[in-house]
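The values are calculated or read from the model by the stated rules, or taken from the named source; none is laboratory data. Model, not experiment: these values are computed from the prediction. Cβ placement follows ideal geometry from the backbone for every residue including glycine, while neighbour counts extend to all protein chains displayed. Note: accessible area is taken over every heavy atom of the protein model, side chains too, but ligands, DNA and RNA are not part of it. Shrake-Rupley method; radii C 1.70, N 1.55, O 1.52, S 1.80 Å.
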Amino acid sequence: MSDLYPAAVETPRLRLVARRPKHVGVHEAYDLCSAPEMDDVTRHMPWSRHETPKVTKEFLDRGESSWTDAESADYAIIPRDGEAGAGEIAGFGGLHTEWDRRVGELGLWLRPRYWGRGYSGERAAALVALAFDALDLEVVSVSHVVSNEKSKRAIEKYMAALGGGLDGREPNSIVIDGDPTDELRYSVSREDWLATTGGDYDAEFRWDADPDDVR
């Protein structure tokens with residue numbers, strides 16, 4: 001049986017590669033996920049930087065199991081040729097799928113050196129198109145911790161461009177450093193996405209990508 005999700009997603013500036021051990025090496029990912037700069041990344045996340053390669057292996061193994069179980073399409077995000085840092089992993093993100101509700105949920109983190117480039121919106125546009133045009137979902141949502149101003153600005157911008165907006169505040173919906181924390185949640189429906197974008201998007205989905213040529 002072929003994979004439900006595409007092994008690679010290509011946008012004008014990015015290549016999204018499946019977060020699976022056959023595509024992403026443990027030591028490559030560990031060097032990234034254990035770096036001191038990750039303290040800035042995880043400040044608003046319910047996890048901390050990786051202390052051992054074993055933690056990174058478990059991270060990649062979760063990507064594999066959620067992929068094969070058709071629970072999430074998780075990707076390494078890699079700038080393409082012509083971008084500063086081309087070929088390096090800039091971060092990880094994906095689309096969690098709730099098939100019974102026909103809802104997808106976006107998630108993302110990027111290394112600080114890749115902030116401010118618009119990669120968040122470019123990746124979101126591609127994954128929302130994947131959700132609606134290829135996976136037949138009806139709604140895509142995304143949330144951020146209330147105090148995360150960078151995520152707030154990015155999500156407000158790309159959600160508006162895709163036809164979505166703020167749904168509301170979810171009290172105590174996530175635990176950060178042991179403290180229950182509020183999140184803001186946004187969503188876009190397939191109908192509103194079509195009305196806003198005309199169903200047009202600048203992304204290519206590659207189900208047939210070979211492990212040797214994905215990177």
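If the condition is being under 16 Å from residue 110 (Cα atoms), buried (at least 19 other Cβ atoms within 10 Å of the Cβ) and either in contact with a Lys or Arg (Cβ under 7 Å, 6 or more places away or on another chain) or among the β-branched types (Val, Ile, Thr) (or both), then segment 1-23 contributes 14, 15, 16, 17. Every condition in (1) touching a residue at least 40 places away in the same chain (Cβ under 8 Å); (2) part of a strand (DSSP E or B) is met by residue 108 except one, and the failing one is (1). Residue 167: assigned to a loop (DSSP other than H, G, I, E, B), over 22 Å from residue 41 (Cβ atoms) and open to solvent by 40 Å² or more (accessible area, probe 1.4 Å), yes or no? No.
You will find that of 182, 177, the residue that is farther than 24 Å from residue 9 by Cβ and without any contact (Cβ under 8 Å) to a residue 12 or more places away in the chain is 177 and no other. Restricted to segment 57-88, and to residues that are out of contact with any Leu (no Cβ under 9 Å at 6 or more places or on another chain) and among the small types (Gly, Ala, Ser), which residue is surrounded by the most Cβ atoms within 10 Å (Cβ to Cβ)? Only one residue tops the list, namely 63.
For every residue, the table says whether it meets (1) of a type in the set (S, T, N, Q); (2) closer than 20 Å to residue 166 by Cβ.
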position	(1), (2)
107	no, yes
110	no, no
130	no, no
141	yes, yes
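Residues that are touching a residue at least 12 places away in the same chain (Cβ under 8 Å) and under 24 Å from residue 132 (Cβ atoms) within segment 81-100 comprise 91, 92, 93, 94, 95, 96, 97, 99, listed in sequence order.
Taking the condition of being surrounded by fewer than 15 Cβ atoms within 10 Å (Cβ to Cβ) and farther than 14 Å from residue 91 by Cα, how many residues in segment 40-56 meet it? Residues in segment 40-56 being surrounded by fewer than 15 Cβ atoms within 10 Å (Cβ to Cβ) and farther than 14 Å from residue 91 by Cα: 7 in total.
Within segment 178-215, restricting attention to residues that are at pLDDT below 95 and touching a Lys or Arg at 6+ places or on another chain (Cβ under 9 Å), the residue that is least open to solvent (accessible area, probe 1.4 Å) is 214.
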